[in-house]
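Below is one structure; the comments refer to it alone.
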Amino acid sequence: MRIRKGDVVKVITGKDKSKQGTVSRVDSKKGLVVVEGINIIVRHVKAAPPKRQGGRITQEAPIKISNVVLINPLDNRPTKVGILRLEDGNKTRISRRTKETIS
């Protein structure tokens, strides 16, 4: 997966276009990411007396991973992510624009 938990991403399409946030969860099988403060929805929940009060709650909904782009931590600009295989067999993420390693 080219985007991981903790990465800063920018939304490139949809109602939250051009907003930035930190990835809090990644679902690689479905191709979805949850970004803090992005794609906020309102859910109406029924009261469950010992657990919670009923009403409207706001939460982040998942976004397709193709609708976000990674922000390069070195220069704070959007970049595509590539995978580079090192000589010892490990893989690392690199910025396609600057060819530098992304942590």
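Each value in this text was obtained by applying a stated rule to the coordinates, not by laboratory testing. Quick caveat: nothing in here was measured; it's all calculated off a predicted structure. Cβ atoms come from the backbone with ideal geometry, glycine included; neighbour counts cover every protein chain shown.
Summarising the label geometry, the points placed 7 Å from Cα in the beta-carbon direction at residue 2 and residue 41 lie 2.6 nm from one another. For percent of Cα pairs over 25 Å apart, the value calculated from this model appears in (i) 13; (ii) 32; (iii) 19 under label (ii). Between residue 25 and residue 57, what FRET efficiency comes out of the Förster formula 1/(1 + (r/R0)^6) with R0 = 25 Å and r the beta carbon distance, rounded to 0.05? That pair, residue 57 with residue 25, gives E of 0.90.
Listed by chain and number, the aspartates and glutamates whose alpha-carbon sits under 18 Å from that of residue 80, ignoring those within fewer than 8 places in the same chain, are 7, 100. Assuming charge only on the beta carbon of Lys and Arg (+1) and of Asp and Glu (-1), the dipole of the chain about its Cα centre is about 420 debye to the nearest 20. Over 30 Å apart at the Cα level, from the set 29/99; 19/51; 19/46; 10/91, are 19/51; 19/46. Springs between Cα atoms under 10 Å define the GNM used for the chain, and in it the highest mean-square fluctuation of 15, 80, 64 occurs at 15. Spatially, segment 1-49 and segment 51-103 are offset by 12 Å when compared through their Cα centroids. Result for the chain in a Gaussian network model with C-alpha springs under 10 Å: among 72, 90, 39, the largest mean-square fluctuation is at 90. The value of relative contact order for the chain, using C-alpha pairs under 8 Å at least six residues apart, is 22 percent.
Computed over the chain with a Gaussian network model linking Cα atoms closer than 10 Å, the most mobile of 16, 75, 88 is 88. Highest average first, the peptides 55-62, 42-49 ordered by how many other beta carbon atoms sit within 10 Å of their residues are 55-62, 42-49.
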